[in-house]
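Single-structure report; data block below.
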Amino acid sequence: SLRNPQIAIIGTGKLAYSLANALMKNKYKISIIVSKNRSSALELAKKFRIENFSNSLKDIPHSTDIFFLTVPDDQISSVAKKLAKLNFDFRKSIFVHFSGAKNVSALKILQNKKANTASFHIMQTFPTKRVVKLNGCFAAIETQSKSAQKFLIELADRLELYVLSLNSDQKVNYHLAGVFSSNFLVSNLFSAD
């Protein structure tokens, strides 16, 4: 149930570490860590004492409710395609990607299976795998699914994030604002030195 959801984290990049940390601290149940690189999955699982890890999406338990895709932007659609081939109750599942640049249409193939899909972007840089505290950050939700919206608002609340809702055509400007206020500003200050 979404009161105590089982979460799969797919992808073990820099964001996955901070996300797993925040989820575990807030008593969420991570059912499995999946990465195409088994040793990366093991490393993340071990750090947060998560029992299950794999390099195969087929190993995701059927009790999983929430699928967090923390993969690079250019892999979101291909991972979604692979997930769509699995035998899950898509109507009861929520699939979320964390890209600031890509909108929710990157998960269209799952939406076609009647899955709840969303984009949840935390306005924060994750320069390394070292854990970054998420509380106090802004997070943008983009979804047409009421159950995904409800879950992500509750998640944001538990993680102490400031939440805002976006529609797909606002996503590009939102991402640009983040780039300008972070990366662009920092590199300008650095080059002015």
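The values are calculated or read from the model by the stated rules, or taken from the named source; none is laboratory data. What you are looking at is a predicted structure, and each value in this text was computed from that prediction instead of being measured. Note that each Cβ is placed from the backbone with ideal geometry, even for glycine, and that neighbours are counted across all protein chains shown. Please note that ligands, DNA and RNA were not included when accessible areas were found on the heavy atoms of the full protein model with its side chains. Shrake-Rupley method; radii C 1.70, N 1.55, O 1.52, S 1.80 Å.
Numbers below:
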| quantity | calculated |
| --- | --- |
| For residue 43, solvent-accessible area (1.4 Å; no DNA, RNA or ligand), Å² | 90 |
| Accessible area of residue 105 in the full protein assembly, 1.4 Å probe (Å², nearest 10) | 70 |
| Pair residue 63, residue 144: separation of 7 Å Cα→Cβ label points (nm) | 3.4 |
| Inter-label distance, nm, simple model (7 Å from Cα along the C-beta direction), residue 38/residue 92 | 3.1 |
| Ranking by accessible area, most exposed first, for 130, 91 with a 1.4 Å probe | 130, 91 |
| Centre separation in Å (Cα based) which lies between the stretch 18-96 and the stretch 147-162 | 18 |
| List 62, 121, 97, ordered by accessible area with a 1.4 Å probe, largest first | 62, 121, 97 |
| The stretch 30-114 - Debye-derived log10 I(q)/I(0), Cα point model, q = 0.11, 0.17 Å⁻¹ | -0.29, -0.70 |
